[in-house]
Amino acid sequence: MAIRLIDRSEKVLYKGNVYELTLYWDRESIGRCFCGMPPFLAYIRKDGINFATIDCTSGRNDCFFVEKFKEKFFVKAEWQVRFAKDINTIPFVELLKGLPL
């Protein structure tokens with residue numbers, strides 16, 4: 001069964017803060033990918049500020065990673081959470097409940 005890629009742009013109020021999920025797939029590149037392609041954009045913002053990045057690929061619908069946004073590229077993130085779910089279908093509030101907020 002093929003994985004259905006869903007673009008998502010969601011905003012929720014959770015624990016007194018506004019969180020925004022952005023997930024956009026680059027469908028033009030999907031035919032050129034060998035092992036699955038990363039999304040074009042995948043991140044979470046908290047009150048309008050970058051909060052976390054999402055690491056996932058189109059070839060895997062069984063897990064993805066969310067890690068705290070970091071200013072510098074080679075610096076280790078403060079935290080990283082692995083989700084054994086499909087990024088395309090997990091409810092945004094359930095994703096937030098799994099993060100260290």
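Computed on the chain, with alpha-carbon pairs under 8 angstrom and 6+ residues apart, the relative contact order is 21 percent. Taking each residue as 0.36 nm, the span from TYR43 to PHE65 lengthens on full extension beyond its C-alpha to C-alpha distance by 6.8 nm. For segment 8-98, the solvent-accessible area works out to 64 Å² per residue, with a probe of 1.4 Å and every protein chain left in place. Among 37-43, 69-75, 90-96, the peptide with the highest mean count of other Cβ atoms within 10 Å heads the list, and the full ranking is 37-43, 90-96, 69-75. Once percent of Cα pairs over 23 Å apart is calculated for the structure shown, the corresponding label among (1) 46; (2) 38; (3) 25 turns out to be (3). Placing dummy labels 7 Å off each Cα toward the beta-carbon, the span from GLU20 to GLN80 is 2.7 nm. Taken about its Cα centre, the chain carries a charge dipole of roughly 160 debye when the Cβ of each Lys and Arg holds +1 and the Cβ of each Asp and Glu holds -1. Of the solvent-accessible surface of segment 1-79, computed with a 1.4 Å probe and all protein chains present, 54% belongs to carbon and sulfur. Computed about its Cα centre, the charge dipole of segment 32-76 is approximately 120 debye, with only Lys, Arg, Asp and Glu carrying charge at their Cβ. Projecting the Cα atoms of ALA84, GLY59, TYR43 onto the charge dipole of the chain, computed from C-beta unit charges around the Cα centre, puts ALA84 farthest toward the positive end.
The values are calculated or read from the model by the stated rules, or taken from the named source; none is laboratory data. Just so you know, these numbers come straight off a predicted model, no measurement behind them. Virtual Cβ from ideal backbone geometry, glycine too; neighbours counted across all protein chains shown. We work out accessible area using only protein heavy atoms, side chains counted, and drop any ligands, DNA or RNA first. Shrake-Rupley method; radii C 1.70, N 1.55, O 1.52, S 1.80 Å.
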